[in-house]
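The values are calculated or read from the model by the stated rules, or taken from the named source; none is laboratory data. Being a predicted model, the structure only gives us computed values, none of them experimental. Neighbour counts run over all protein chains shown; Cβ positions are idealised from the backbone, glycine included. What goes into the accessible areas is simple: the full protein's heavy atoms, side chains included, and nothing from ligands, DNA or RNA. Shrake-Rupley method; radii C 1.70, N 1.55, O 1.52, S 1.80 Å.
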Amino acid sequence: MILLDGKKIAKDIKGEIAIKVTQLKATGGKTPHLAAILVGDDGASETYVSAKVKACEKVGFKSTLIRLKDNVSEQELVKEIHKVNNTLDIDGLIVQLPLPNHIDEMRITEAILPSKDVDGFHPTNIGRMILNLPTYLPATPAGILELLKRYNVETSGKNCVVIGRSHIVGFPISILMGRNNNPGNCTVTLTHSRTQNLNEITKTADILIVALGKAEFVTSEMVKEGVCIVDVGITRIESDKTKSGWKLLGDVAFDSVKDRCSFITPVPGGVGPMTIAMLLKNTLMSAKRAVY
Ligand code: NAP
């Protein structure tokens with residue numbers, strides 16, 4: 001079994017981006033600039049946004065964090081997005097999700113200029129992804145592709161089963177694995193909560209991508225020998241064995257399945273670190289006007 005070490009690969013990618021930023025600046029190019037909007041003071045969102053801002057600093061990007069109160073109206077938030085859209089120096093904009101219930105997430109996503117949508121969630125960018133046109137790929141699915149590529153996992157002609165069909169992970173990765181690309185060219189089965197006989201379907205997977213948000217859901221009886229497993233899930237549970245009082249679990253019962261796998265991502269240290277690395281990659285692409 002080979003561990004798909006997202007922590008190491010993400011570090012490599014950030015190192016490569018930092019070198020490119022230095023070269024860009026040395027040749028008179030602009031410093032990539034990412035703006036993030038954070039609504040409210042949800043602890044998890046704070047953690048994610050501050051990790052993104054810190055990652056920007058590390059690779060030599062500029063970053064701007066815009067904080068808004070959780071009672072901000074949808075209209076005010078859209079106004080703030082338009083301001084960023086019209087700020088020439090800013091290359092990429094992300095609005096940290098989830099948003100408070102009174103705000104329509106899709107309307108907010110649509111307010112972001114596709115050319116600055118480095119999360120890759122705008123319908124224009126999703127459409128471009130489906131058509132295999134240059135675009136910003138959503139960061140988590142892009143991170144999965146990059147991991148498979150850097151570990152030379154063969155995907156062509158393989159059966160790929162995806163569990164979960166969210167707009168940010170399951171649905172886009174199912175499209176990407178089926179595209180005529182490398183990685184890609186899989187025969188893809190997308191499963192969800194209404195899927196019948198899930199255990200039979202997962203047993204057909206050469207590559208199993210799991211993103212449903214249920215800790216240790218996938219067990220050894222559900223997979224075949226030699227499977228490559230990508231575990232996207234992150235569930236925080238209390239633990240008296242850690243200093244912090246909690247630990248992270250994936251959607252896969254790692255110890256139960258690992259000996260049946262050819263490759264597997266750990267949680268933490270698998271897909272998670274890749275997500276931020278790919279967000280930085282998209283922002284660099286935007287600064288270099290590589291897509292639009
Ligand atoms: P989500 O929006 O919560 O959607 C979950 C999906 O799983 C839905 O499509 C749902 O089906 C499906 N599902 C639920 N129970 C199921 C079951 N018993 N059998 C089959 N499918 C089932 O998911 P998400 O936002 O993609 O997040 C999934 C997990 O990934 C979470 O733990 C999240 O924290 C983690 N995550 C990690 C990263 C990272 O960077 N590592 C990024 C994003 C998310 P229906 O559509 O039928 O409801």
Exercise. Dipole of the chain (Lys/Arg Cβ +1, Asp/Glu Cβ -1, origin at the Cα centre): which of L77, T135, H167 lies farthest to the positive side?
Worked result: T135
For this session: Sort segment 200-283 into rounded, prolate or oblate with this rule: let a ≥ b ≥ c be the square roots of the eigenvalues of the Cα gyration tensor; rounded if a/c is under 1.5, and if a/c is not under 1.5, prolate when a/b is larger than b/c, oblate otherwise.
Result: oblate
For this session: Work out from phi, with θ = phi - 60° and the Karplus expression 6.51 cos²θ - 1.76 cosθ + 1.60, the ³J(HN,Hα) of each residue of segment 217-230, listed in order in whole Hz, and give x for Gly and Pro.
Result: 5, 8, 10, 4, 5, 8, 10, 9, 4, x, 5, 9, 10, 10
Seminar exercise, completed: Listed by chain and number, the residues whose amide H is under 5 Å from that of K288, excluding neighbours fewer than 5 places away on the same chain and using placed H, are none
Exercise. What is the extension gain from N197 to T47, computed as 0.36 nm multiplied by their sequence separation minus the C-alpha to C-alpha distance, in nm to one decimal?
Worked result: 50.3 nm
Seminar exercise, completed: Taking a ≥ b ≥ c as the square roots of the Cα gyration tensor eigenvalues, with a/c under 1.5 meaning rounded and otherwise prolate when a/b beats b/c or oblate if not, the chain comes out prolate
Seminar exercise, completed: Applying the gyration tensor rule to the Cα atoms of segment 28-113 (axes a ≥ b ≥ c; rounded if a/c under 1.5, else prolate if a/b exceeds b/c, else oblate), the class is oblate
Exercise. Most mobile of S63, S115, S73 per a Gaussian network model of the chain (Cα springs, under 10 Å)?
Worked result: S73
Seminar exercise, completed: With every protein chain kept in place and a 1.4 Å probe, segment 19-84 has an accessible area per residue in Å² of 57 Å²
Exercise. What's the longest bit of the chain with no exposed trypsin sites (Lys or Arg not before Pro), using DSSP loop states and at most 11 other Cβ atoms within 10 Å as the test?
Worked result: 70-193
Problem set entry | the chain - Cys residues lacking any other Cys C-beta under 4.7 Å | C56, C228, C261
Problem set entry | Mean residue ellipticity (222 nm) of the chain, computed from DSSP H runs ≥ 4 via -39,500 (n - 2.57), nearest 500 | -11500 deg cm²/dmol
For this session: Report, ordered by chain and residue number, the lysines lying within cross-link reach of K14, taken as a straight Cα distance under 26 Å and ignoring same-chain residues fewer than 8 apart.
Result: K25, K30, K52, K54, K58, K62, K116, K149, K247, K281, K288
Exercise. Which residues' amide hydrogens lie under 5 Å from the amide hydrogen of V188, considering only partners 5 or more residues apart or on another chain, with H built in the peptide plane?
Worked result: C160
Exercise. Over segment 139-272, what is the relative contact order in whole percent, taking alpha-carbon pairs under 8 Å and six or more residues apart?
Worked result: 22 percent
Seminar exercise, completed: Carbon plus sulfur, as percent of the 1.4 Å-probe accessible area of the chain, comes to 52 percent
